[in-house]
1. Take the range 128-149 and flag every residue that is basic (Lys, Arg) and either within 22 Å of the chain's Cα centre (by Cα) or under 18 Å from Ile116 (Cα atoms) (or both).
2. Let me confirm something: among Pro179, Pro171, which residue is closer than 30 Å to Ala250 by Cα, touching a Phe, Trp or Tyr at 6+ places or on another chain (Cβ under 9 Å) and either outside any helix (DSSP H, G or I) or of a type in the set (Gly, Ala, Ser) (or both)?
3. Tell me, please, whether a residue that is over 20 Å from the mean Cα position of the chain (by Cα) and among the aliphatic types (A, V, I, L, M) can be found in the range 323-346.
4. Of everything in the range 106-127, what is hydrophobic (A, V, I, L, M, F, W, C), under 21 Å from the mean Cα position of the chain (by Cα) and surrounded by 15 or more Cβ atoms within 10 Å (Cβ to Cβ)? Give them in sequence order.
5. Of Glu273, Glu329, which residue is buried (at least 18 other Cβ atoms within 10 Å of the Cβ), of a type in the set (D, E, K, R), touching a Ser or Thr at 6+ places or on another chain (Cβ under 9 Å) and within 25 Å of Ala212 (Cβ to Cβ)?
6. Could you list all residues from the range 14-39 that are surrounded by 15 or more Cβ atoms within 10 Å (Cβ to Cβ), out of contact with any Asp or Glu (no Cβ under 8 Å at 6 or more places or on another chain) and more than 27 Å from Leu124 (Cα to Cα)?
7. Can you tell me which of (1) touching a helix residue (DSSP H, G or I) at 6+ places or on another chain (Cβ under 8 Å); (2) modelled with pLDDT of 90 or more; (3) surrounded by fewer than 17 Cβ atoms within 10 Å (Cβ to Cβ) is the one Ser84 doesn't meet?
8. Out of the range 290-307, which residues are touching a residue at least 12 places away in the same chain (Cβ under 8 Å) and part of a helix (DSSP H, G or I)?
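The values are calculated or read from the model by the stated rules, or taken from the named source; none is laboratory data. Just so you know, these numbers come straight off a predicted model, no measurement behind them. All Cβ positions, glycine included, derive from the backbone under ideal geometry; neighbour counts span all protein chains shown.
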Amino acid sequence: MINSPGIGGAERVLVDDINECVRRGTVEVRLLTLRPESEKSFSGQLSLQRNYWKVVQLKKLFAIWGVIQILLYIYREKPDLIVSHLWYANTVAKICKLFGACRTVLTFEQNVYDTIKSKKSFLLDRVLQRFCTKIIAVSSTVRDSLIAHGIDQQHIQVIYNSVDVETFSKPHHLIEPLPHPKGTFTFLYIGRLIPQKNVEHLLRAFVEVEGAVLYIVGTGYLQEKLEALVAQLGIAHRVYFLGVRSDIPALMQACDCFVFPSLYEGFSLVLLEAMASQMPIIISDFAAGREVIVDNGNGIIAGPTATAFADACRCVMQDESLRHQIAKEARKTAQTFSISRHVDEILAFIK
């Protein structure tokens with residue numbers, strides 16, 4: 001169960017989990033979404049038959065008729081396990097358990113919501129926490145945040161996000177050529193353009209990284225402000241905003257280094273995808289990042305200043321052997337976060 005099959009980390013995990021279950025052929029899967037499909041989504045990559053996907057439009061969380069439709073659907077399907085992602089769907093899943101629609105319910109918490117959720121949302125989480133089998137935190141950082149907001153530690157289990165590693169090993173083709181001269185060193189950022197992602201910090205650092213190009217993939221309400229900053233900083237000729245792209249594996253294969261300047265994360269899926277693509281990686285110093293990145297091992301953790309981030313970028317540009325070492329270790333790390341392991345950990349709850 002999820003809000004809608006748009007484009008994001010939670011949606012990516014859900015699609016990969018479903019496809020792995022379908023591939024195995026030992027588990028029947030149904031998908032329930034609560035809002036209309038987004039214009040751009042991962043739904044085209046689903047292996048699930050369309051008649052196994054039910055959409056119930058729940059415009060408001062406590063819209064009685066919508067909740068009744070969801071309960072009737074779940075009573076009819078009689079699932080052994082409900083898995084939900086994102087706060088809206090998580091709350092609905094807990095309500096389903098409250099009404100006895102399913103005995104085993106896992107709700108995935110994907111982010112550190114300290115500054116995102118409202119007080120009412122946190123209160124509802126605390127009230128409903130006993131109506132799910134486990135609240136799945138995608139990192140120890142997320143677990144600690146949940147505990148700080150009143151969730152009982154006994155209700156929480158950490159299951160790290162995972163990726164379909166082999167997808168990023170196969171050759172992929174760009175949907176359109178990238179706008180830069182051949183031979184130019186290329187940095188890649190993928191993510192939303194919101195304050196949490198700290199893209200402004202990356203842009204200010206990039207002023208000091210001469211002779212390189214930066215591609216920014218994603219959208220968000222800060223885009224116009226960031227585009228204006230790029231012009232103000234005088235780097236518009238080597239910073240490109242590419243919008244939402246469906247060829248992420250191809251972009252990762254085409255670029256030289258992945259950069260991720262976030263202030264905080266739950267557990268970044270795109271970071272795992274870059275590691276699976278065997279890219280050298282530079283991240284800012286945030287707690288969940290340190291759960292997967294070892295500085296100067298499988299990535300570089302840059303200091304808090306723009307100059308420190310720029311120094312890390314120049315270091316990767318200039319040291320080819322370091323790039324190869326980091327990329328190789330990153331790939332090894334990604335293999336420990338396989339989608340097969342993720343599905344095994346989920347299905348263990350049925351047993």
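1. Here is the first cut: in the range 128-149, the ones basic (Lys, Arg) are 130, 134, 143.
Those that are basic (Lys, Arg) and either within 22 Å of the chain's Cα centre (by Cα) or under 18 Å from Ile116 (Cα atoms) (or both): Lys134, Arg143.
2. Working: Pro171 fails: touching a Phe, Trp or Tyr at 6+ places or on another chain (Cβ under 9 Å).
It is Pro179.
3. At the first step, the residues of the range 323-346 found to be over 20 Å from the mean Cα position of the chain (by Cα) are 323-329.
From what is left, the residues that are among the aliphatic types (A, V, I, L, M) are 326-327.
Yes - at least one qualifying residue is present in the range 323-346.
4. Looking only at the range 106-127, we keep the residues that are hydrophobic (A, V, I, L, M, F, W, C), and these are 106, 108, 112, 116, 122-124, 127.
Restricting the remaining residues to those that are under 21 Å from the mean Cα position of the chain (by Cα) gives 106, 108, 112, 116.
Selection gives Leu106, Phe108, Val112.
5. Numbers: Glu329 fails: touching a Ser or Thr at 6+ places or on another chain (Cβ under 9 Å).
Answer to the selection: Glu273.
6. From the range 14-39, those surrounded by 15 or more Cβ atoms within 10 Å (Cβ to Cβ) are 14-22, 27, 29-35, 38; that's our starting set.
The next check asks that each one be out of contact with any Asp or Glu (no Cβ under 8 Å at 6 or more places or on another chain); those that pass are 14-15, 17-18, 21-22, 27, 29, 31-35, 38.
Hits for the range 14-39 are Val15, Asp17, Ile18, Cys21, Val22, Val27, Val29.
7. (3)
8. Hits for the range 290-307 are Ala306, Thr307.
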